[in-house]
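The values are calculated or read from the model by the stated rules, or taken from the named source; none is laboratory data. Bear in mind the structure is a predicted one, so any value in this text is a computation, not a measurement. Don't worry about glycine lacking a Cβ; one is built from the backbone with ideal geometry, like all the others, and counts go over all protein chains shown.
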Amino acid sequence: MSSRTAGSENSPFRADPLDRSAVAAVALITLFTVALATAQVTAAKVLALPLPFALPIVGTEILLPGAALAYALTFLASDCYAELYGRRATQVVVNVAFLANFLVLALVWSTLAAPGNDPGISAAFQTALGPATNVVAGSLLAYVVSQNWDVFVFHAIRDRTGEGMLWLRNIGSTATSQAIDTAIFVGVAFYAAPLLLGVGNPLPGSVLLALGVGQYLLKLAIAVLDTPVVYLVVGAVRD
């Protein structure tokens, strides 16, 4: 991609629609929205990943929401987009996608509410896709705060380092935003919402801590491991 689009606020679609910049913009927005929608419908399941050794707090297994991997991909996509198209364009993507969450929920809820021809299948569908109120509240609040923080920190670091040290922007912004995301999601979904709204029982502090630390460790590992991918995507578009 030419220098006119690097970190600028210009739309990538003003040039030839087959230009790599425009194709990359569509691909990154698609990855972001698909990963976000997937995270929304898989967040209710709590995974238990066994470890070959014991860690402090988490023990011999990492507890994390089923949406952890899909949600981590949104930060990969937003960091690539922020580097290529600038802060304002990325904030638009993040906040429009936040509103799109409500469309996903409305479509899922309307499908669940519609009568089915097989009660057994309808019950299984409700169990699999019926989003719990506490999980929805936690995930939406965590998303809108952490994603906007990610964009802010990414560009705050860029303002100080210039175009170099992309690895620092990627890891630094994601590490801090994922910490915020994890704290809000776990705290709201598994403690505050059950306590205040009466949806389920609040988890004990030890379980909340293990759940938070476990998923943050995974998210931090993904942030480090996806750094070469960020360089690859940005380099492919700019060359």
Worksheet item: Of the numbered conditions (1) in contact (Cβ under 8 Å) with a residue 24 or more places away in the chain; (2) in a helix (DSSP H, G or I), F125 satisfies every one except a single condition; which is it?
Response: (1)
Fill in: Enumeration of residues in segment 12-36 that are at pLDDT below 85 and under 26 Å from S146 (Cβ atoms)
P12
Item to complete: Look at T174 and say whether it is touching a residue at least 60 places away in the same chain (Cβ under 8 Å) and either surrounded by 13 or more Cβ atoms within 10 Å (Cβ to Cβ) or more than 13 Å from the chain's Cα centre (by Cα) (or both).
Response: yes
Practice prompt. Output yes when any residue across segment 66-79 is outside any helix (DSSP H, G or I) and surrounded by 21 or more Cβ atoms within 10 Å (Cβ to Cβ), and no when none is.
Written response: yes
Worksheet item: Are there any pairs, at least 6 apart or on different chains, whose C-beta atoms fall under 9 Å, with the first in segment 82-95 and on the phi > 0 side of the Ramachandran plot and in contact (Cβ under 8 Å) with a residue 40 or more places away in the chain and the second part of a loop (DSSP other than H, G, I, E, B) and among the aliphatic types (A, V, I, L, M), and if so, which?
Response: G86/A6
Discussion item. Aliphatic (A, V, I, L, M) and under 20 Å from L63 (Cβ atoms): is that true of A156 in this structure?
Written reply: no
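Okay, residues lined up against (1) outside any helix (DSSP H, G or I); (2) within 24 Å of L84 (Cα to Cα):
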| site | (1), (2) |
| --- | --- |
| A142 | no, no |
| E163 | yes, yes |
| T182 | no, no |
| L208 | no, no |
| A221 | no, yes |
| V233 | no, yes |
Response to the item:
Reported set for segment 210-222 where residues are in contact (Cβ under 8 Å) with a residue 12 or more places away in the chain and more than 12 Å from A179 (Cα to Cα) is A210, L211, I222
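For (1) of a type in the set (V, I, T); (2) within 26 Å of G187 (Cβ to Cβ), each residue gets a yes or a no:
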residue	(1), (2)
I62	yes, yes
A68	no, yes
A82	no, no
Q91	no, yes
Practice prompt. Can you confirm whether segment 57-65 contains a residue that is in a loop (DSSP other than H, G, I, E, B) and at pLDDT below 85?
Written response: yes
Worksheet item: Is it the case that segment 37-45 has a residue that's at pLDDT below 90, surrounded by fewer than 15 Cβ atoms within 10 Å (Cβ to Cβ) and under 21 Å from F190 (Cβ atoms)?
Response: yes
Item to complete: Could you check how many residues of segment 217-231 are closer than 20 Å to G66 by Cβ, crowded, with 18+ Cβ neighbours inside 10 Å and modelled with pLDDT of 90 or more?
Response: 1
